[in-house]
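Engineer: There's a structure below that I have some questions on.
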Amino acid sequence: MTQARGEARRAPLDASSSGWRASVLTLYPEMFPGPLGQSLAGDALRQGVWSLEAGNIREQGLGRHRRVDDTPAGGGPGMVIRCDVAAAAIDAAWPLPDARPRLLMSPRGEPATQGLVRALAAGPGVAIFCGRFEGIDERVIGARGLTEVSLGDIVLAGGEIAAMALIEACVRLLPGVMGKDASRIEESFEAGLLEYPHFTRPREWEGRAIPQVLLSGDHASIAAWRRAEAERLTRERRPDLITRRGKQP
Ligand code: SAH
């Protein structure tokens, strides 16, 4: 089991720590923390705001070769992660009681939304199983209470990058991770709208000027312009978000 430095440093200080905990089961634990060790998430990891464990499913593999997969029942291409191996990995790495939701990254899952991210970030953390090959034996999903979550209608080669994306989205919402709290309230999706466009210096670039209102210093007009732009962009690009507004948790 690989322990990221945030966890290792914090553990001796406070073994029963209340920090947000992410545990991942994967065939490639060396992929972690990867990008989660950089920038804001990495700083917060080293400060012990959150912790990360990446366990290797292969530790529970069968036989001398630590085999984790087998051919699909009914035939067809590819390989499937065995339910007995997956369950043994889960039971060893995520002992109960554990209040954290158990997720399986899966293109068949509920599409991840900022509402889901907010709910996960507000809880004790998350335990995520990363699939590989064709996926995992269906029986373990029910038997170990895994909730399938998708990163979107794309097919990745494994759940690791999807897990990292979900964890990063949660970590940036943890108290103290982002410098200015306002900068996450106004972002895309937080109000059920896409974000308004941003500009910075220079004032004019390749013949393109910053919209005059943003240079006016009139805060009410700026707020109104941004709101109108957010609504226009959402109507044009993601009308589904407008229909869904109010229904978000
Ligand atoms: N045979 C599957 C695809 C398997 S891809 C199918 O057709 O649906 C291998 C693994 O990558 C999956 O088990 C899952 O863990 C991960 N994965 C692929 N696409 C994903 C997505 N959009 N969201 C989350 N995880 C994904």
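Results for (1) of a type in the set (Asp, Glu); (2) touching a residue at least 60 places away in the same chain (Cβ under 8 Å), shown as yes or no for each residue.
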position	(1), (2)
49	no, yes
61	no, no
116	no, no
137	yes, no
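Engineer: Any idea which residue in region 58-116 is farthest from residue 19 (Cα to Cα), counting only those that are away from the ligand (no atom under 16 Å from the Cβ), under 25 Å from the mean Cα position of the chain (by Cα) and loosely packed, with under 13 Cβ neighbours inside 10 Å?
Structural biologist: Among them, the one singled out is 91.
Engineer: A further question on this structure: Here's a check for you: in region 119-139, which residue that is small (Gly, Ala, Ser) and within 6 Å of the ligand (Cβ to nearest atom) is surrounded by the most Cβ atoms within 10 Å (Cβ to Cβ)?
Structural biologist: Filtering region 119-139 for residues that are small (Gly, Ala, Ser) and within 6 Å of the ligand (Cβ to nearest atom), the one surrounded by the most Cβ atoms within 10 Å (Cβ to Cβ) comes out as 131.
Engineer: A further question on this structure: Pick from 174, 214, 166: which is touching a Leu at 6+ places or on another chain (Cβ under 8 Å), modelled with pLDDT of 95 or more and open to solvent by less than 50 Å² (accessible area, probe 1.4 Å)?
Structural biologist: 166
Engineer: Something else about it: Out of all the residues in region 140-160, which are within 8 Å of the ligand (Cβ to nearest atom) and β-branched (Val, Ile, Thr)?
Structural biologist: 149, 154, 155
Engineer: For region 193-211, which residues satisfy the criterion of being loosely packed, with under 11 Cβ neighbours inside 10 Å and either of a type in the set (S, T, N, Q) or closer than 20 Å to residue 227 by Cα (or both)?
Structural biologist: 198, 200
The values are calculated or read from the model by the stated rules, or taken from the named source; none is laboratory data. This one's a predicted model, so the numbers in the text were calculated from it and none came from an experiment. Virtual Cβ from ideal backbone geometry, glycine too; neighbours counted across all protein chains shown. For the accessible areas, the whole protein counts, side chains as well, though only heavy atoms, and no ligand, DNA or RNA atoms are used. Shrake-Rupley method; radii C 1.70, N 1.55, O 1.52, S 1.80 Å.
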